[in-house]
Structure formats: C-alpha cells, structure tokens
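**Student:** Got a structure for you, written out below as structure tokens; questions coming shortly.
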Amino acid sequence: MATHKILLLPGDGIGPEVAAEVSKVLAWFTRAGIAQFETETDLVGGAAIDAHGVPLSEAAMDRAKAADAVLFGAVGGPKWAGVGYAKRPEAGLLRLRKDLGLFANLRPAICYPALAEASALKRELVEGLDIVIVRELTGGVYFGEPKEIVTLEDGQKRAVDTQVYTTGEIERIAAVAFDLARKRRNKVASAEKHNVMKTGVLWKETVTRLHAEQYADVGLEHVLADNCAMQLVRNPKQYDVLVTDNLFGDILSDVAAMLTGSLGMLPSASLGAVENGTRRALYEPVHGSAPDIAGQNLANPIAMIGSLAMALRYSFGLLEAADQLESAITRTLASGTRTRDIAGPGTNAVGTTEMGDAIVRELQAQAG
Ligand code: NAD
C-alpha cells in the first residue's frame, strides 16, 4: 500500500482544533487498513511568528514542497494585528500558494439535504446542490502590472489595476475544469465578460479551442459573469463545474458558498501543475481562524474534514475513501448531529471533538 505524505499546518485560533479532528479521521483510515499516511506537523501564521519570527519557516516550506499534500487549518488573530504587513500571519499562506505554484482554486458548494433550511435560498433551489467553482488563482487583475496609484498634475489621484491573461494561463485552468468535469457530471460552464473585456475575448476563444481539441466529450457553455451571478441565485443546480478568472471567481465562489449555509461547512483545494506525475496541492477550509470562538470547542470541523476528503480524491487517488468520508459527513448531519453554527434555534449542539467523533463513528458503521 502506498504511503501518502501529508504536511499538516494547523495554524492559529480554531485551526488546531479542526486539524485535531482531521488527525482522528486519518488515524481511522490507517487503522481500517484503507490507506497509509505519513503525517508531519509544522507551524504557520501567528504560531510560526511566535516561534520563529516569520509566518512560515524555510524548514516548513521545504516540508510543504516534499509533501504529497498540505492540509492547512487557518491563520491570523488579534494577537498579531500589529505585525508588519510583510510578516503578517496571512503572508505564510500566500507564500505557500506562490512557492507551490497553486494556480487552480477549487471550491465545491454542496448543500446537504439536512441543512437545506440553513441556506438563504428556498429548499427546492438548493437541496442536493453539488457544484464546483474552479477559480484561476495566480493571474488576472490582482497581480497584473501596472498596479499603482499616481497623483496627476491637477492634484487628482489616478488608480490603475491591470487585468492580464495569457493563453497558457487560460488553458491550464480550463484543463483542470474539464478534467474535473469528466469525473463528475461532465459539464463545464466558463464565465467571463467577452462583451466588454479583451481578456474575456481571449478567455472564451482559448477555452473554446481547448475544448474542441482535447475535451469535445465534455459539455461546454459560455456564460457572461454577471449573468452567472444571477443564475447562481436563480437556479444553481443547472451547473456542474464552473471555471472563471481570479476576480470573477473570488465573487462567484462567495455567492455559491452562501447557498450552502455556514462557513464552517466549506472545504477548498488549491492545485498546482502536474510535474513528474504528481500535482502540488494544498487543502484548507474556506473559513478563517475565528478568534471569537477559538479554544471553546465550538468550531465546526466539517470544512476541514471535507478538505481532507478533497485531498483523498485529488491528491491520493483514493476515490472510494473520499466517497466514504463524504457519505459519513452526510449521514452524521442526517442523524441530527450539529455544531452550534448549523444548529437551528432550540436544537442541542455538540462541540468540535464530538462532531469529529461522530463522523469517525459513521465511518466505522459504514465499514461494518
Ligand atoms: P472567520 O472565517 O475566521 O470567521 C467569521 C465568522 O464565522 C466568525 O463569527 C466565526 O466564529 C465563524 N466561523 C468561522 N469558521 C467557523 C467554523 N469552522 N465553525 C463555526 N463558526 C465558524 O473570518 P474573520 O472573523 O473575518 O477572520 C478572523 C481571522 O482569520 C482574521 O485574522 C483573518 O485575517 C483570518 N482569516 C484567515 C483565513 C485563512 O487562514 N485562510 C481566511 C479568512 C480569514
């Protein structure tokens, strides 16, 4: 049996609490003889600043590069509010994304039937929702140059951000979306604004060409990003995989996130290029370190455990184990087990550790 190398970076606030629940799940898979993991743990964010003076040590960066996948908790908190910009806790995460070349951000929006009431939309619109937003993460308007604020001769100021994409950047993110769709319901929607943006014209042309050349078996539709935002709240279940640029992806993935109820439920994956048959990858919950509830056994560990399910699927090729884990989460929720963030009024809530234990019990029950 192959051994999968994991670097666990729990981080700050609720990060270590939810990471501890992931460790329980990893231990269960090992005990059950389903998979074998070699897990190293290191510091990131505020915890690394306290220990080493930097949000990510060189040793931790080297371990991240050597791992098959990084599992990341969350970073930040009021304790480090005064740290300089370059050394703030979040800089540790940005360094990991940059140095691992993580250009594709995958955010599933899954609405568990048991939680449909928690969505801002009507139950029939979201129940059974299962879509993935694939966002380009390292290009576009957040990084394009020039990026500046200059003072004009008349005293006004002028701010410039530049949206830039090359065919290579578009092709590689579109390929991630098409490959993913083939493992799901085989449909991709590509969102841009070719009606008003040159990058949109090139995006649409490039996705269309790649589709014709390599992915003609996958369904493809093009949608204007503004219409896509509307469709996501009108009829989100029409989508399977949605691919888009960095800026539109930032916004559309937050819209999709809210369809599912709580921040504590949302996993994510950030993937790099395939090199020598392996793909660099980092998996993390969408939420932050939640200082308001840290240390109180109140955090929902499902976003973090769901991030492990993504690692099993996308980094380790353990598709059956990923299905088992996702189904254990669904069944735990269906049994009425809830952390405080997803418990309705008058419902008894369990703590972080009890939710983790309940999911492990479901895994065991499913295994017979
Ligand atoms: P947050 O995501 O930490 O919290 C927002 C709200 O959601 C809080 O009320 C929190 O209690 C709740 N929440 C978040 N995760 C939860 C969970 N698993 N279970 C139950 N409730 C949960 O966002 P914030 O408050 O804006 O930021 C707090 C800190 O986290 C800041 O320092 C911020 O910079 C940092 N942050 C880090 C990341 C990251 O590490 N990737 C992402 C976002 C924010």
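The values are calculated or read from the model by the stated rules, or taken from the named source; none is laboratory data. Since this is a predicted model, take the numbers as computed values, not measurements. Cβ: placed from backbone, ideal geometry, glycine included. Neighbour counts: every protein chain shown. The area values use the complete protein model at the heavy-atom level, side chains included, leaving out ligands, DNA and RNA. Shrake-Rupley method; radii C 1.70, N 1.55, O 1.52, S 1.80 Å.
**Student:** Pick from the range 253-266 the residues that are surrounded by 19 or more Cβ atoms within 10 Å (Cβ to Cβ) and under 29 Å from V196 (Cα atoms): which of them is nearest to the ligand (Cβ to nearest atom)?
**Tutor:** A257
**Student:** While we're looking at this one, here's another question. Give the residue, chosen from G288, G295, G306, that is assigned by TED's automatic domain parsing to the domain that holds F29 and either closer than 15 Å to V25 by Cβ or basic (K, R) (or both). Explain how you work it out, then say what you get.
**Tutor:** On the way: G288 fails: either closer than 15 Å to V25 by Cβ or basic (K, R) (or both); G295 fails: either closer than 15 Å to V25 by Cβ or basic (K, R) (or both).
Exactly one residue qualifies, and that residue is G306.
**Student:** In the range 337-368, what count of residues is obtained for those that are without any contact (Cβ under 8 Å) to a residue 60 or more places away in the chain and open to solvent by 20 Å² or more (accessible area, probe 1.4 Å)? Let's see the steps before the verdict.
**Tutor:** Of the residues in the range 337-368, the ones without any contact (Cβ under 8 Å) to a residue 60 or more places away in the chain are 337-338, 340, 343, 345-351, 354, 358, 361-362, 365-366, 368.
Applying the additional criterion that residues be open to solvent by 20 Å² or more (accessible area, probe 1.4 Å) yields 337-338, 340, 343, 345-350, 354, 361-362, 365-366, 368.
Total meeting the criteria: 16.
**Student:** For the subset of the range 80-93 comprising residues that are part of a helix (DSSP H, G or I) and within 12 Å of the ligand (Cβ to nearest atom), which member is surrounded by the most Cβ atoms within 10 Å (Cβ to Cβ)? Walk me through it before giving the result.
**Tutor:** Filtering the range 80-93 down to residues part of a helix (DSSP H, G or I) leaves 80, 85-87, 90-93.
Applying the additional criterion that residues be within 12 Å of the ligand (Cβ to nearest atom) yields 80, 90-93.
On the way: W80: 19, E90: 15, A91: 19, G92: 28, L93: 22.
Filtering the range 80-93 for residues that are part of a helix (DSSP H, G or I) and within 12 Å of the ligand (Cβ to nearest atom), the one surrounded by the most Cβ atoms within 10 Å (Cβ to Cβ) comes out as G92.
**Student:** To continue, here is another question. Which residue out of L282, L242, L308, L312 is open to solvent by less than 10 Å² (accessible area, probe 1.4 Å), under 15 Å from A104 (Cβ atoms), at pLDDT 90 or above and away from the ligand (no atom under 11 Å from the Cβ)? Break it down into steps so the answer makes sense when it comes.
**Tutor:** Numbers: L282 fails: away from the ligand (no atom under 11 Å from the Cβ); L308 fails: under 15 Å from A104 (Cβ atoms); L312 fails: under 15 Å from A104 (Cβ atoms).
On inspection, the qualifying residue turns out to be L242.
Listed here are the residues, each with its yes/no results for (1) outside any helix (DSSP H, G or I); (2) open to solvent by less than 70 Å² (accessible area, probe 1.4 Å).
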{"residue": "W203", "(1), (2)": "no, yes"}
{"residue": "E213", "(1), (2)": "no, no"}
{"residue": "E221", "(1), (2)": "yes, no"}
{"residue": "M230", "(1), (2)": "no, no"}
{"residue": "I251", "(1), (2)": "no, no"}
{"residue": "S268", "(1), (2)": "yes, yes"}
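**Student:** Taking L96, is it away from the ligand (no atom under 13 Å from the Cβ), open to solvent by less than 50 Å² (accessible area, probe 1.4 Å) and within 20 Å of S268 (Cβ to Cβ)?
**Tutor:** Values: away from the ligand (no atom under 13 Å from the Cβ): no; open to solvent by less than 50 Å² (accessible area, probe 1.4 Å): yes; within 20 Å of S268 (Cβ to Cβ): yes.
No: the conditions fail for L96.
**Student:** Taking the range 131-182, which residues are in contact (Cβ under 8 Å) with a residue 40 or more places away in the chain and charged (D, E, K, R)?
**Tutor:** The answer is R135, E136, E169, R172.
**Student:** Residues being charged (D, E, K, R) and under 14 Å from the mean Cα position of the chain (by Cα): count how many of those fall in the range 108-129. Please lay out each step first, then the result.
**Tutor:** Looking only at the range 108-129, we keep the residues that are charged (D, E, K, R), and these are 117, 122-124, 127.
Of the ones still in play, those that are also under 14 Å from the mean Cα position of the chain (by Cα) are none.
Residues meeting the conditions: 0.
**Student:** In the range 125-147, what residues are assigned to a helix (DSSP H, G or I) and touching a strand residue (DSSP E or B) at 6+ places or on another chain (Cβ under 7 Å)?
**Tutor:** V141
**Student:** Still on this structure: Out of the residues in the range 52-79 that are outside any helix (DSSP H, G or I) and of a type in the set (A, V, I, L, M), state the one that is surrounded by the most Cβ atoms within 10 Å (Cβ to Cβ).
**Tutor:** Quick first cut of the range 52-79, residues outside any helix (DSSP H, G or I) only: 53-57, 67-77.
Now restrict to residues that are of a type in the set (A, V, I, L, M): 54, 56, 67, 69-71, 74-75.
Values: V54: 17, L56: 26, A67: 24, A69: 28, V70: 26, L71: 27, A74: 32, V75: 30.
Here the answer is A74.
**Student:** Within the range 32-42, is even one residue away from the ligand (no atom under 15 Å from the Cβ), within 27 Å of E275 (Cα to Cα) and aromatic (F, W, Y)?
**Tutor:** Looking for residues that are away from the ligand (no atom under 15 Å from the Cβ), within 27 Å of E275 (Cα to Cα) and aromatic (F, W, Y), one finds at least one in the range 32-42, hence yes.
**Student:** Could you tell me which numbered condition I49 fails, if it satisfies all but one of (1) away from the ligand (no atom under 16 Å from the Cβ); (2) more than 24 Å from the chain's Cα centre (by Cα); (3) crowded, with 23+ Cβ neighbours inside 10 Å?
**Tutor:** (1)
**Student:** Pick from A349, A328: which is assigned by TED's automatic domain parsing to the domain that holds A35 and more than 14 Å from the ligand (Cβ to nearest atom)? Give the steps one after another, and end with the answer.
**Tutor:** Numbers: A349 fails: more than 14 Å from the ligand (Cβ to nearest atom).
Step by step, each of A349, A328 is checked, and only A328 is assigned by TED's automatic domain parsing to the domain that holds A35 and more than 14 Å from the ligand (Cβ to nearest atom).
**Student:** Of these, V150, V188, which one is open to solvent by 10 Å² or more (accessible area, probe 1.4 Å), assigned to a strand (DSSP E or B) and not basic (K, R)? Outline the logic, then answer.
**Tutor:** Numbers: V188 fails: open to solvent by 10 Å² or more (accessible area, probe 1.4 Å).
After ruling out the rest, the residue left standing is V150.
**Student:** Among the residues of the range 102-124, write down those that are touching a residue at least 60 places away in the same chain (Cβ under 8 Å), surrounded by fewer than 17 Cβ atoms within 10 Å (Cβ to Cβ) and either part of a helix (DSSP H, G or I) or not assigned by TED's automatic domain parsing to the domain that holds N246 (or both).
**Tutor:** Within the range 102-124, P113, E117 meet the criteria.
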